[in-house]
Amino acid sequence: SELASRLKVTVTDVIKKLMMLGVMAAQHEVIDFDTASLVAMEYNAKIEKEVIVTIEEKLINDEDDDTADLQERSPVVVVMGHVDHGKTSLLDRIRNANVTSTEAGGITQHIGAYRAKVGDRYVTFLDTPGHEAFTSMRARGAAVTDIAVLVVAADDGIMPQTVEAINHAKAAGVSIIVAINKMDKPTANPDKVMQELTEYELVPEDWGGDVICVPVSAATGMGIDNLLEMITVVADVQELKANPKRLAKGTVVEARLDKGRGPVATLLVQNGTLHTGDVLIAGTSVGRVRQMINDRGQVVTEAGPSIPVEITGMAEVPAAGDTFNAVEDERLARELVEQRRQEQKEQQFKSYQKITLDNLFSQIAEGEMKELPIVVKADVQGSAEAVKQSLEKLSNEEVRVRVIHTGVGAINRSDVMLANASNAIIIGFNVRPDPVAKEDAAQEDVELRMYRIIYDAIDDVKDAMKGMLAPKT
Ligand code: GDP
């Protein structure tokens, strides 16, 4: 009826024309654009698609920056590695070395990220060590880090979580710098570490590769300056730039409810400049920046690219990993938050398209999938490698099968987080998920597939790629 009124003809006329096209439509039925075009053509009318501007588009300026406005920004670094290899010690050492007692307000404040001075430049460190926080942020769509410092203890070498960290960093596409730590120990063996790195396609510069390895000691401070220097070298290659002149956007690094101050959030500005008084929208939280505190505990009124600040003034506690935007229109911001809340509610009912072997084929057919990422866990390294190789051989023109992580032992939380962030499926071979991983996988709709025989796993993936997988029994 709407089409009829716009064409200035009767509804019956339109229905008749539709019938001739083989479309049986009632008066208030919705027809698609192409069908409507055909009917319109019959009346020599031209139809055009209406461009619908969403609140999000109206509110949030997503235009590219003018290259003339771009300025260098500091790199953002995450520290990862096996437990007890010295991540926390390294972060503490760097933080403390950068605060002199003569400096005003020279007490470091733990806000979740801090800046270290390197010559006349800065490096921003995320203060939460480990790949879990990093990957859970990535699962929420946040890409905050430019460089991962992989800490490997020189007296211990590469351990399971080192491998996890390597694969998490690779999956996120960030550059890796290796800090070979605990060099003060008499049992330190950096050559062994470098040898082991090559097994994970990380070839040290000294050996003709492109991975920078820096021997350090978080205990004595040896090599730390060199490590910072190397971070700036890698950053230079990345040519990191941002536009300080636009409205701020970035990521929530941490957030909590403070008894006295209300919702408190640490924000990492990734582009633009954040000012006190700015209207902010982060996930489903909205508010005005009341006060900003930097990593030295000082009150500041603005924060530019790569600068972390703790802010108050949000109405609710946003989630770590949420992106935030400073916006001009507070009323519209509240509308958008309302809309996002509604969407969240709807999301809870329909689990959105996570990749599974069952829907793989339709996603390939729709051109949605160019790559099938897989995490492989097995009881022994040999089978993990064998499964990896056989799976990757299944790649064809439509879809590349890529094993993003292999490991030995039960499927753990880190595996599920990696799969979730990378939209991967997990294949277990003679192993089971631990209870936490099982729960997480169910919650996040990550597919876990367990096999006892390698060929069964290969066959299932092969069949799924052709859309011929038998339904799960
Ligand atoms: P994390 O689990 O990776 O965060 O490791 P920690 O920073 O907690 O360090 C684990 C242990 O190793 C602690 O007892 C540290 O004191 C010790 N440690 C860290 N770095 C060094 C180092 O460079 N030399 C020596 N000798 N011990 C270190």
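The values are calculated or read from the model by the stated rules, or taken from the named source; none is laboratory data. Keep in mind that what you see is a predicted model, and the values were worked out from it rather than measured. Cβ atoms come from the backbone with ideal geometry, glycine included; neighbour counts cover every protein chain shown. All accessible areas refer to the heavy atoms of the entire protein, side chains included, with ligands and DNA or RNA removed. Shrake-Rupley method; radii C 1.70, N 1.55, O 1.52, S 1.80 Å.
As a quick test, which of the pairs Lys8/Lys345; Lys377/Lys466; Lys170/Lys259 have an alpha carbon distance above 32 angstrom in this structure?
Checking Cα-Cα distances, Lys8/Lys345; Lys170/Lys259 exceed 32 Å.
Do the sum for the chain: with -39,500 (n - 2.57) for every DSSP H run of n ≥ 4, divided by all residues, what is the mean residue ellipticity at 222 nm, to the nearest 500 deg cm²/dmol?
Roughly -10500 deg cm²/dmol at 222 nm, from the helical runs in the chain.
Sorted by accessible area (1.4 Å probe), largest first, how do Arg261, Arg449 line up?
Arg261, Arg449
Between the helical axis of 87-97 and the dominant principal axis of the chain, each derived from Cα atoms, what acute angle in degrees is found, rounded to the nearest 10?
Compared with the principal axis, the helix lies near 70 degrees.
In terms of solvent-accessible area of protein heavy atoms at a 1.4 angstrom probe, what is the ranking of Asp127, Asp434, Asp191, highest value first?
Asp191, Asp434, Asp127
From the mean inverse distance of alpha carbon pairs (Kirkwood) and the Cα radius of gyration, derive Rg over Rh for the stretch 6-140.
Rg/Rh for the stretch 6-140 comes to 1.40.
How many angstrom lie between the C-alpha centres of the stretch 30-65 and the stretch 112-176?
The two parts, judged by their Cα centres, are 44 Å apart.
Once you put a point 7 Å from the Cα of Arg400 and another 7 Å from the Cα of Asn96, both along the Cβ direction, what distance in nm separates them?
Distance between the two pseudo-spin positions: 4.5 nm.
Lysines near Lys185 by alpha-carbon distance under 20 Å, same-chain residues fewer than 8 away left out - which ones?
Within the straight-line limit of under 20 Å, Lys185 reaches these lysines: Lys87.
Give, in nm to one decimal, the length gained when the segment between Ala45 and His28 is fully stretched (0.36 nm per residue of separation minus the Cα-Cα distance).
Extra length available between Ala45 and His28 comes to 4.0 nm.
Relative contact order (percent) for the stretch 88-236, with alpha-carbon contacts under 8 angstrom and 6 or more residues of separation?
Relative contact order, the stretch 88-236: 20 percent.
Using 7 Å Cα-to-Cβ label points, what is the Ile52/Asp258 separation (nm, one decimal)?
4.2 nm
Which residue, chosen from Val233, Gly209, Pro244, occupies the Cα position most advanced towards the positive end of the dipole of the stretch 207-247, where the dipole is computed from +1 (Lys, Arg) and -1 (Asp, Glu) charges on Cβ about the Cα centre?
It is Pro244.
Hey, got the dipole for the stretch 1-96? About the Cα centre, +1 on K and R Cβ, -1 on D and E Cβ, debye to the nearest 20?
Value, rounded to 20: 320 debye.
Apply the Karplus curve 6.51 cos²θ - 1.76 cosθ + 1.60, θ = phi - 60°, to the phi angles in the stretch 156-166 and return the couplings in whole Hz, x for Gly and Pro.
Here the 3J(HN,Hα) series is 10, x, 6, 10, x, 6, 5, 5, 4, 4, 4 Hz.
Cα convex hull of the chain: mean projected area in nm², to one decimal?
Quarter of the Cα hull surface area: 29.3 nm².
Could you give the dipole magnitude of the stretch 33-78 about its Cα centre, charging the beta-carbon of Lys and Arg +1 and that of Asp and Glu -1, in debye to the nearest 20?
I would put it at about 240 debye.
Can you give the translational diffusion coefficient of the stretch 113-159 in µm²/s, computed by Stokes-Einstein from the Kirkwood radius over Cα pairs at 25 °C and 0.890 mPa s?
In µm²/s, the coefficient rounds to 193.
Mind pulling the angle between the C-alpha long axis of helix 224-238 and the longest principal axis of the chain? Nearest 10 degrees, somewhere in 0 to 90.
Approximately 30 degrees, to the nearest ten.
Using Cα pairs under 8 angstrom and six or more residues apart, how large is the relative contact order of the stretch 152-223, in percent?
Once divided by the residue count of the stretch 152-223, the mean separation gives 35 percent.
Quick one: putting +1 on the C-beta of Lys and Arg, -1 on the C-beta of Asp and Glu, what dipole do you get for the chain around its Cα centre, in Debye to the nearest 20?
Roughly 920 debye, rounded to the nearest 20.
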